[in-house]
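Here's the structure we're looking at; comments come further down.
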Amino acid sequence: MKEVVHKKLNELQATAICGNDISSSCLYVSALTIMYAGQYAWISLLFVAVVLFLFRKIYGEVVGALPLNGGAYNVLLNTSSKRLASIAATLTVLSYMATAVISASEGVHYLSNIIPQIHHSFSLFYIDISFITIATVIILLIFTTLAIIGIGESAIVAVVIFITHLSTLTLLVLASVWFIFMNGFDVFSMNWSLPITSGTIVNALFLGFSAAMLGISGFESSANFVEEQEIGVFPKTLRNMWAIVSFFNPVIALLLICIIPLAQVGEHQESLLAFLGQTTGGSWLAYLISIDAVLVLCGAVLTSFVGVSGLLNRMTLDRILPNYFLKQNKRGSNYRIIISFLVLCVSVLFVTKGDIIALAGVYTFSFLAVMGLFGIGNLLLKFKRKKLPRPEKARGISVIIAVALIVTAFIGNMKLNLTSFYTFLQYLVPAFGFVAIMLNRSLLIRLLIEALEYFYTPLRKIVIFSNRYLLKMNLKINSQEFVFFTKGDDVAIINKVMQYVQNNETTKKLKIVNINKDHIDNQLLIIDLKVLDRAYPEIDIEFIELEGEFGPDIIDELSNKWNIPKNFMFIGSPGDRFSYRVSELGGVRLIM
């Protein structure tokens with residue numbers, strides 16, 4: 001049977017998929033930034049463009065060296081421990097959750113310009129609920145249904161929405177420039193002369209910069225589907241997203257300051273660009289912007305559902321989450337993951353009462369943490385994977401400056417809205433607790449066995465039944481075998497491998513495999529392995545020597561023969577002369 005080869009995404013398609021997310025941020029970030037930085041909002045947004053410029057090379061180096069899906073989770077999984085990688089994954093899920101809720105809520109607010117009745121509310125069980133909240137839940141339900149029945153992102157639809165959105169923004173900019181040309185700079189002069197509510201210009205720029213960091217949401221999306229892109233497309237998507245954010249976000253903020261009195265910004269913060277269109281072009285432009293906003297924001301909701309499904313599926317395959325989430329329907333969708341994500345989204349909507357500032361804060365904290373961890377992953381890649389080939393490199397000082405700016409923005413957002421930070425912690429702490437339990441479940445099972453045995457006499461029957469079940473469960477967890485491909489490394493290298501497996505994986509069996517095509521004598525390696533086998537009595541080391549050439553074919557063959565997933569196979573960092581890209585090895589993990 002002929003293997004089906006999926007067509008890779010070109011530059012426009014890949015940019016559209018992630019660009020719909022990042023370019024939609026101008027629909028709400030302009031109002032947020034102006035509320036904190038006032039007439040200096042456009043300068044704060046320019047600072048954000050500088051941060052994004054620094055992260056272009058940071059992402060380019062990491063993904064160029066490890067061109068695999070997963071973003072921050074992937075780089076930390078291949079450069080540090082599974083625990084740190086799981087933290088990045090948890091934060092990514094939180095950012096997806098807040099993005100979905102913000103996008104759905106903002107889409108409804110723009111829809112209210114077309115259907116004013118949405119602003120009404122009703123009482124249910126003596127609780128006042130707005131139609132905007134109900135409409136937001138309906139949008140989330142619609143995309144939950146679409147994701148469950150298997151309708152994923154379509155590159156063609158993404159391109160149409162992307163081009164329509166950029167065309168609409170361009171039309172809004174041109175209409176605003178013409179409005180200023182016809183009416184002058186009186187409003188700008190009035191706004192510019194207003195006193196600074198934040199105290200000093202520096203403080204206003206700092207608070208505005210912190211709020212404006214929400215405007216780069218979606219920049220990390222391209223790294224999550226890099227394997228579906230054509231070779232060389234990924235760095236172009238970073239360049240294109242940077243150009244879009246660097247132009248539209250500051251320019252639109254500046255045009256708003258030139259046209260709309262700052263006192264009116266707060267009154268129209270949920271649909272500020274539609275109000276700008278109404279002012280500069282009339283009702284037709286306001287309707288066009290509202291329709292475009294609904295489309296592009298709904299596209300961002302779909303991105304969240306698709307992205308979180310893939311991320312949680314990989315975490316489950318890596319045994320961070322329970323196998324319960326692997327259950328699929330007939331269309332191949334992980335419906336349990338999608339429904340669980342819907343519950344989280346609806347809960348955060350009601351906890352924050354649909355407050356866009358609180359929602360933006362929850363997203364910003366999680367997103368900034370992910371960006372910071374990605375920068376740390378870049379530094380770890382430089383330190384621990386020096387030999388790994390990469391098409392470009394970010395200077396160490398640039399990475400440190402970028403991470404420092406991320407930390408600054410994180411502190412700034414805490415100062416802006418401490419309540420949002422507490423809401424962020426309300427979801428973060430339980431999520432970390434759940435992941436910690438899954439990572440240490442073997443230890444917890446053993447503790448539970450010992451606890452049951454302690455109460456053995458009064459609860460003898462329960463203990464016997466529970467011990468049998470728990471021992472069987474623990475045996476199943478520890479029965480998973482792992483593989484390390486060695487080139488004939490010395491005992492120090494193999495010892496580090498054993499330490500990594502002992503600290504990060506739950507297993508009783510490790511296969512050390514040497515693909516020997518030159519008939520090199522491995523007697524010294526065999527002697528070393530016997531020593532390590534005694535040094536690590538809890539792990540059974542099996543040495544296997546095979547003839548052939550190391551590459552994707554033999555990895556596929558051994559994975560199928562031994563029934564060991566490729567993400568449970570490890571290698572050291574390949575050198576410049578290695579014949580294959582890391583992405584061609586099917587997900588084999590780098591641990592040295």
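Find the residue count for segment 78-98, including only residues that are more than 14 Å from the chain's Cα centre (by Cα) and part of a helix (DSSP H, G or I). Total satisfying the criteria: 5.
Has segment 8-29 got any residue that is charged (D, E, K, R), at pLDDT 85 or above, open to solvent by 30 Å² or more (accessible area, probe 1.4 Å) and within 19 Å of the chain's Cα centre (by Cα)? For segment 8-29, residues charged (D, E, K, R), at pLDDT 85 or above, open to solvent by 30 Å² or more (accessible area, probe 1.4 Å) and within 19 Å of the chain's Cα centre (by Cα): absent. I'd like the residue in segment 569-578 that is in a loop (DSSP other than H, G, I, E, B) and surrounded by 12 or more Cβ atoms within 10 Å (Cβ to Cβ) and, out of all such residues, is farthest from the chain's Cα centre (by Cα). For segment 569-578, the residue satisfying everything is Phe578. Pick out the one residue from Val50, Val75 that is in a helix (DSSP H, G or I) and surrounded by 21 or more Cβ atoms within 10 Å (Cβ to Cβ). Result of the check over Val50, Val75: Val75. Applying the set (1) over 22 Å from Lys476 (Cβ atoms); (2) under 30 Å from the mean Cα position of the chain (by Cα) to Val513 leaves exactly one unmet item: (2). One residue stands out among those in segment 256-283 that are open to solvent by 10 Å² or more (accessible area, probe 1.4 Å) and closer than 17 Å to His165 by Cβ: the one that is farthest from the chain's Cα centre (by Cα), which is Gly281.
Of the numbered conditions (1) under 16 Å from Gln229 (Cα atoms); (2) touching an Asp or Glu at 6+ places or on another chain (Cβ under 7 Å), Gly70 fails exactly one; give the number of that condition. Of the numbered conditions (1) under 16 Å from Gln229 (Cα atoms); (2) touching an Asp or Glu at 6+ places or on another chain (Cβ under 7 Å), the odd one out for Gly70 is (2). Here Thr279 passes the criteria (1) closer than 26 Å to Ala135 by Cβ; (2) in contact with a Ser or Thr (Cβ under 7 Å, 6 or more places away or on another chain); (3) β-branched (Val, Ile, Thr) except the one numbered (2). Within segment 579-590, the residues that satisfy the criterion of being open to solvent by 10 Å² or more (accessible area, probe 1.4 Å) and either in a loop (DSSP other than H, G, I, E, B) or aromatic (Phe, Trp, Tyr) (or both) are Ser579, Tyr580, Arg581, Gly586, Gly587. Within segment 520-568, which residues are surrounded by fewer than 14 Cβ atoms within 10 Å (Cβ to Cβ) and touching a Lys or Arg at 6+ places or on another chain (Cβ under 9 Å)? Listed by number, the residues that qualify are Glu538, Asp540, Glu542, Ile544, Glu547, Gly548, Glu549, Asp556.
Of the residues screened, Gly277 is one that is in contact (Cβ under 8 Å) with a residue 12 or more places away in the chain, among the small types (Gly, Ala, Ser), out of contact with any strand residue (DSSP E or B) (no Cβ under 8 Å at 6 or more places or on another chain) and closer than 21 Å to Thr33 by Cβ.
In the set Gly199, Gly232, Gly208, only one residue is over 24 Å from Val62 (Cβ atoms) and free of Cβ contacts under 8 Å to residues at least 12 places away in the same chain; that residue is Gly199. Is it true that Phe383 is in contact with a helix residue (DSSP H, G or I) (Cβ under 9 Å, 6 or more places away or on another chain) and closer than 26 Å to Glu270 by Cβ? When the stated conditions are applied, Phe383 does not pass them. State whether one or more residues within segment 198-218 are within 28 Å of Ile115 (Cβ to Cβ), open to solvent by less than 40 Å² (accessible area, probe 1.4 Å) and outside any helix (DSSP H, G or I). Within segment 198-218, one or more residues are within 28 Å of Ile115 (Cβ to Cβ), open to solvent by less than 40 Å² (accessible area, probe 1.4 Å) and outside any helix (DSSP H, G or I).
The values are calculated or read from the model by the stated rules, or taken from the named source; none is laboratory data. This structure is a prediction, so every number in the text was calculated from the model and none was measured. Virtual Cβ from ideal backbone geometry, glycine too; neighbours counted across all protein chains shown. Remember, those area values only see protein heavy atoms, side chains included, never the ligands or the DNA or RNA. Shrake-Rupley method; radii C 1.70, N 1.55, O 1.52, S 1.80 Å.
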